[in-house]
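Everything below concerns the one structure shown next.
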Amino acid sequence: MTAPARARPGPLSATYLSFVTATGLSSLGDAAWLLALTTTLVGAAGATTAGLVLALAGAPRVVALLGGGVLADRYGPARVMAWADLLRCAVMVVAAVVVLVVEPTVAVLAVTAAAMTLLGAFFVPASGALRPLLLPEEHLVRGNALYLIGLRTGQAAGGPVGAALLGLGGVVAVALANAASFVLSAAAVRRTRPAPPTSTGDRLPVRTRIVEGLRHVAADSPLRTLVVVVGLLELAAAGPVNIGLVLVAHSAGAGDAGAGLLLTAFTLGATASFVLTLVRPVGRRASAALVVGGCVQALVLGCLGVLGTLPALLAGYGVLGFVTALSGVVLTSMIQRRTPAPVRGRVMSIMSLVVFGAPLLGNALIGVAIDLLGLTATMALHGLGAVAAVCVFASAPALRGARLD
């Protein structure tokens, strides 16, 4: 059982706000560290090596995500998040000391990056499992929106802060600032004090418990459908957002500067969606909002290949950011509410694996598709992917009238 509703105040409570603020500071530190890491790697070994190191450093996250969900269910998400924060703090401090003693070599930076992504894989599913324990069900959508506002704000601020710290004290200063952000995050998580975990079978092997989570998703038809919809929508948007915006900006004659503006438009659209959801959560309109959002996503994706001017593309990416953010909040909230607390960590880890895996596949496919089919047909194909997501969702009778009030 989860904690009774009266023990879980709304998203504007001091406890939840401190949790969101600390998470935002932690994401700020992470973004600053990523900037410092990338800049230092490029300076030390060149862009090709830097890209390879960052790509390989992301591999531990994919491997560890399912295990992170197991630990969240076994020991409680708050405890796992706090320990992940403290261990990441330790990694940052050790990295700062090593870099201070020796030069920031590629090997040191690569090991540090891999350790950070590995520990982050334990934090992510635990975070998704913790929020439903802190909030009443009727406030879960607003709480998720507020959490994402804090997360995105920290990510947006991390670049300028990282650049400033890098100029003042180099990699060491950025690493120590990131370490401090993890301490604040751990303290805020420990302050939440959610209900203790109620999972069973603590002595079962990790592999067995992972299989239990996979079987739970497979056996629950609506939950399985929601995870598939998440994957389809992420796959439809990943390529056009990560790589496609560069290509469409160049096709419109806007160059790299235009691509940067398109990314800004997408981010602003997503932020506006989170704010609107916080003020006016979808509630009983959740199912309709998801269907309309998916249809709009499909329409915009199909249009991106034929819009020939930068203003039109900016509007398109702004709308795309808005609807994808709305769909993400609604789907996450539906999955959280659908999943019993004892297996929520594992289910959130499966969802996180889909969310992280879809961009990897989408980024690989969009380049091949454009070479074979051209930009216009490729964007239309991605739009059809969003249509497929809407059809899959609408085909589930238990989800067509789903509410989040």
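The values are calculated or read from the model by the stated rules, or taken from the named source; none is laboratory data. Here the structure is a predicted model, which means the values were calculated and not measured. When we count neighbours, we look across all protein chains shown, and the Cβ atoms used for this are built from the backbone with ideal geometry, even at glycine.
Here the range 171-198 is the region considered, the condition is being surrounded by fewer than 17 Cβ atoms within 10 Å (Cβ to Cβ) and either among the hydroxyl-bearing types (S, T, Y) or on the phi > 0 side of the Ramachandran plot (or both), and the residue that is modelled with the lowest pLDDT is T198.
Per the listing G213, G167, the residue uniquely assigned to a helix (DSSP H, G or I), outside the structural domain of P77 (by TED's automatic domain parsing) and at pLDDT 80 or above is G213. Being in a helix (DSSP H, G or I), within 24 Å of A164 (Cβ to Cβ) and not hydroxyl-bearing (S, T, Y) holds for only one residue in V70, V91, V63, V80, and it is V91.
Is it the case that V306 is touching a helix residue (DSSP H, G or I) at 6+ places or on another chain (Cβ under 7 Å), surrounded by fewer than 23 Cβ atoms within 10 Å (Cβ to Cβ) and touching a residue at least 60 places away in the same chain (Cβ under 8 Å)? Criteria met by V306.
Quick check on the range 389-405. Is at least one of its residues under 25 Å from L247 (Cβ atoms), free of Cβ contacts under 8 Å to residues at least 12 places away in the same chain and more than 20 Å from the chain's Cα centre (by Cα)? Within the range 389-405, none of the residues are under 25 Å from L247 (Cβ atoms), free of Cβ contacts under 8 Å to residues at least 12 places away in the same chain and more than 20 Å from the chain's Cα centre (by Cα). In the range 333-342, which residues are part of a helix (DSSP H, G or I) and crowded, with 24+ Cβ neighbours inside 10 Å? Selection gives S333, M334, Q336. I'd like to check something: does the range 28-51 contain any residue that is part of a loop (DSSP other than H, G, I, E, B) and surrounded by fewer than 22 Cβ atoms within 10 Å (Cβ to Cβ)? Yes, the range 28-51 contains at least one residue that is part of a loop (DSSP other than H, G, I, E, B) and surrounded by fewer than 22 Cβ atoms within 10 Å (Cβ to Cβ). Here T376 fulfils each of the conditions (1) of a type in the set (S, T, N, Q); (2) modelled with pLDDT of 90 or more; (3) surrounded by fewer than 24 Cβ atoms within 10 Å (Cβ to Cβ) apart from (2).
Listed by position, the helices (runs of 4 or more DSSP H) contained in the range 219-294 that have at least 2 residues being without any contact (Cβ under 8 Å) to a residue 24 or more places away in the chain are 245-251, 255-279.
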